[in-house]
1. Regarding region 95-104, can at least one residue be identified that is assigned to a strand (DSSP E or B) and aliphatic (A, V, I, L, M)?
2. As an exercise: evaluate M78 against (1) in a strand (DSSP E or B); (2) without any contact (Cβ under 8 Å) to a residue 12 or more places away in the chain; (3) not acidic (D, E) and give the number of the one condition it does not meet.
3. When only residues in region 283-312 that are closer than 20 Å to P232 by Cα and part of a loop (DSSP other than H, G, I, E, B) count, which is nearest to the chain's Cα centre (by Cα)?
4. How many of the residues in region 164-185 are more than 19 Å from D133 (Cα to Cα) and either within 24 Å of the chain's Cα centre (by Cα) or not in a loop (DSSP other than H, G, I, E, B) (or both)?
5. Only residues that are touching a Gly at 6+ places or on another chain (Cβ under 9 Å) and in a loop (DSSP other than H, G, I, E, B): list them for region 109-129, please.
6. Residues of region 146-167 being surrounded by fewer than 16 Cβ atoms within 10 Å (Cβ to Cβ) and either among the small types (G, A, S) or in contact with a Ser or Thr (Cβ under 7 Å, 6 or more places away or on another chain) (or both), which ones?
7. If S240 passes every condition in (1) farther than 16 Å from I47 by Cα; (2) part of a strand (DSSP E or B); (3) of a type in the set (S, T, Y) but one, which one does it miss?
Amino acid sequence: MLSNIPTNIITGFLGVGKTTALNYLISQKPDHETWAIVVNEFGKIGIDQTAIDDKTGLAIKEIAGGCVCCALGPALTMSLAMLIRRTRPDRVIIEPTGLGHPEGLIDIIQSESFKEVLDLRSIICLLDPRVIDQPEVLSHSTFIDQLNLADVIILNKCDLASEQQITAVEQRALAMFPPKSLVTRTHQGQLSLSVLNQSHNFQHQSDYPEAHHSHTTEAPKPNLYFPKPNVPIKQTGSSSDAYSCGWVFHQDDLFDHERLLSLIKSFDSIWRLKGVFNVGNQRIFYNRVLDETSVQPIAWRRDSRIEIISEVQLDWETIEAALCSTIIAQQPK
């Protein structure tokens, strides 16, 4: 019987670089180990699966359409049990949505179903130092408790932040009580495997324990989509503090990269945007956090898809029409 499987939670607010950090950890996975990875997304379409590197000894389960810390807790319990039974992993890593409160996950890991099976190790929270200039995030209850419940705080994206921002955030992290086992700086999610083996301190307490019950999204549906050419499938969702909309396009829909990039940069009131698109000779991953956009090639070779998260309800129909206007052709067989 499996028991005491080292288990980590990687948290952090929207756009802080959790998936990039997870990929960096996966690149260091010992060849003889099997890791079970659970990735949770607030949006219903599911984009992160396209961005996680494939590697031998890796089993990935994506749960989209809400927060596994609360509304999708039963889905996590069932998926995690099946994943452990099927893969018999040497380590489990859970990456909740950036809007996810970690307390619900801790409760699940410590429940009767898993308390003898999973050994909760360090909870790792990634933090963008530039958040010091974003009061709406600093005051968000989930953001506050992601830090409160973490054992390790990683100041990520330090290459994009000023020394003043980094120092201000670092001082706040170092002053927290109970103290963290590690507060350190990095960029591009470059983490050592040693961060996974820190112990979890159960004395860490949340300030807003009720926050992880505030998401009321409906139960997830299978994310198998079969769109027609030029006719994407749309899925919307919402919670008490966020809205999401995602589209899946036919695999042969071919997009104009420059027009698409310009469009993505032009959207107003976007909190988070991820997308992967067929631009002809390659697939491109588009990643936007607030007003900052990056692009990179990606190995995904199936459909094109995009997910948007915002604080306010947006005109999804207008956005869909704009996205469709960047389709230039059907890719020849």
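1. Among the residues of region 95-104, not one is assigned to a strand (DSSP E or B) and aliphatic (A, V, I, L, M), which makes the answer no.
2. (1)
3. It comes out as W300.
4. Result for region 164-185: 5.
5. Residue satisfying the conditions is D128 alone.
6. S162
7. Every condition holds for S240 apart from (2).
Residues checked against (1) crowded, with 20+ Cβ neighbours inside 10 Å; (2) farther than 14 Å from I47 by Cβ; (3) of a type in the set (A, V, I, L, M, F, W, C):
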{"site": "N281", "(1), (2), (3)": "no, yes, no"}
{"site": "F285", "(1), (2), (3)": "no, no, yes"}
{"site": "L290", "(1), (2), (3)": "no, yes, yes"}
{"site": "I328", "(1), (2), (3)": "no, yes, yes"}
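Bear in mind that the values in this text are calculations on the coordinates, not laboratory data. The model shown is predicted, which means the values in this text are computed figures rather than measured ones. Cβ sites come from the backbone with ideal geometry, for glycine too, and all protein chains shown count toward neighbours.
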